[in-house]
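The values are calculated or read from the model by the stated rules, or taken from the named source; none is laboratory data. Keep in mind that what you see is a predicted model, and the values were worked out from it rather than measured. A quick note on method: Cβ atoms are made from the backbone with ideal geometry, for glycine too, and the neighbour counts reach across all protein chains shown. Just so you know, the surface numbers come from the protein's heavy atoms only, side chains and all, with ligands and any DNA or RNA stripped out. Shrake-Rupley method; radii C 1.70, N 1.55, O 1.52, S 1.80 Å.
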Amino acid sequence: MRRRRTKRTIEDNRNKKNQVDFILLITTLMLVFIGFIMVFSSSWPDAMGHPYNDEYYFIKRQIIFGIIGFVAMVFVMNIDYRNWKKNSFIIYLLSLGTVALLFTPLGVERLGARRWISLGIIGFMPGDIVKLGSIIFFANFLANKKRSARQFKSGFIPAMMVMSVSLASIYIQRDLGTTLTLAGTMMFMYIIAGMNILFLVPIIGLVSSVAVYIFKKAASDPTSSNAFRVRRIMSFLDPFKYSLNEGYQAVQSLYALGSGGVFGLGLGKSRQKFFYIPEPYNDFIFSIIGEELGLAGSTLIIILYMILIWRGVTIAINIEDLFGKYLATGITALVTIQTIIHISVVTSTIPTTGITLPFISYGGTSLVIYMSMIGILLNLSRYAKLD
């Protein structure tokens, strides 16, 4: 009798809706608004030139996608998160299907990588969609593996297979940065689900061996497809030695951050955005933030990310449903890892890779997907016992 009451109480708690996490909502909107300002400030020199000839080109598109993202966030916020669980496999297949479109006439190659789908007046990057689809599917997978997550045969091997499919779909787009971001996210989800850490030892050994082999082969063969990654690593070790080629972006980024000082040069007064840093409104937008807003402004933005991460962790801890817990963990981990990688790149803490700053960098697909993820977190917050 007591057991039935306990089950009924848990079910009632799961179905009981609270108000959404207001702090999470406001923090997200503040980051998006700051993104609008910084995208305009960092993009107008490029936008005034050919082929755009419109200083408002990038900011107009970013605002449009921001509005779409807000609508998506509000819409998703009102969808019971358990619907994602029911349809997780279909969502996962559809996300992988967007990658397949890259190998059709809809796929577009830019800067030596095929990562974009063009639908005429609009386009999108499948990589961002795969990240969301993988997190939803993997959260359901881990929830169903509650008792076998620590087992090698019934837990670890199937989990690695799921991760391999997701990561391969990103890697074939020649996007190592996103591959590593998603790998870190899914691995963190699995660790939270109870993975036996000892299983990582052979994986780390295998990955390290493969990496060393690829590095040596690429270093000895300048025509290798991975030769540019070797050059990036070498330039990372001494960016000023390679300041005219592979180390160029890192050096210019450091110049931007250094010249910003404590309080910055002032909003709109960046010098590095004038064709020194390529696409400063995207992969290196935090450099412009540091230059124009200084250490004070950069710290404020980092604090906003820390608040967002704190709320995500709080939701993950306080929701009883396992699927909801892993879903919140995955979304929060993805934002955390991608933010850390972006800031690490612009400060030359790690080798250069093309990773955007969530909610702030220019990019329609990224903005809409990340705001949708926050919508899922906000819905999860309705079922969590938050203070």
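A few notes on this one:
- The chain, accessible surface, carbon-and-sulfur percent (1.4 angstrom probe): 67
- Accessible area (Å², 1.4 Å probe, nearest 10) - Ile307: 50
- Exposure rank, largest accessible area first [Asp221, Asp175; 1.4 Å]: Asp221, Asp175
- Annotation for Ala211 and Met306: the two label points, set 7 Å from Cα along the Cα-Cβ direction, are 2.8 nm apart.
- Largest to smallest in accessible area, the residues Met189, Met125 fall in the order Met125, Met189 (1.4 Å probe, all protein chains included).
- The chain: angle of helix 200-220 to the longest principal axis, Cα-based, in degrees nearest 10: 20
- Solvent exposure of the range 24-144 amounts to 49 Å² per residue of accessible area, where only protein heavy atoms count and the probe is 1.4 Å.
- Top of Ala333, Ala47, Ala159 by mean-square fluctuation, Gaussian network on the chain, Cα under 10 Å: Ala47
- Base-10 log of normalised Debye intensity for the range 292-387 (one unit scatterer per alpha-carbon) at q = 0.16, 0.18, 0.24 Å⁻¹: -0.72, -0.87, -1.24
- Tilt relative to the chain, helix 322-346 - C-alpha long axis, 0 to 90 degrees, to 10: 10
- Comparing Phe284, Thr352, Gly261 along the charge dipole axis of the range 261-357, the residue lying farthest to the positive side is Gly261, per the Cβ-charge model.
- Accessible area in square angstrom per residue, the range 192-292, 1.4 angstrom probe: 56
- Under 14 Å, Cβ to Cβ, from Phe199 - net charge with Lys/Arg +1 and Asp/Glu -1: +3
- Area accessible to solvent at Asp128, 1.4 Å probe radius, in Å²: 20
- Mean residue ellipticity (222 nm) of the chain, computed from DSSP H runs ≥ 4 via -39,500 (n - 2.57), nearest 500: -22000 deg cm²/dmol
- Our note on the geometry: Cα centres of the range 139-157 and the range 229-292, 43 Å apart.
- Within straight-line cross-link reach of Lys269, aspartates and glutamates at Cα separation under 20 Å, skipping those fewer than 8 residues along the same chain: Asp46, Asp54, Glu55, Glu279, Asp283, Glu291, Glu292
- Given a 1.4 Å probe and the protein chains as shown, Tyr326 ends up with an accessible area of around 10 Å².
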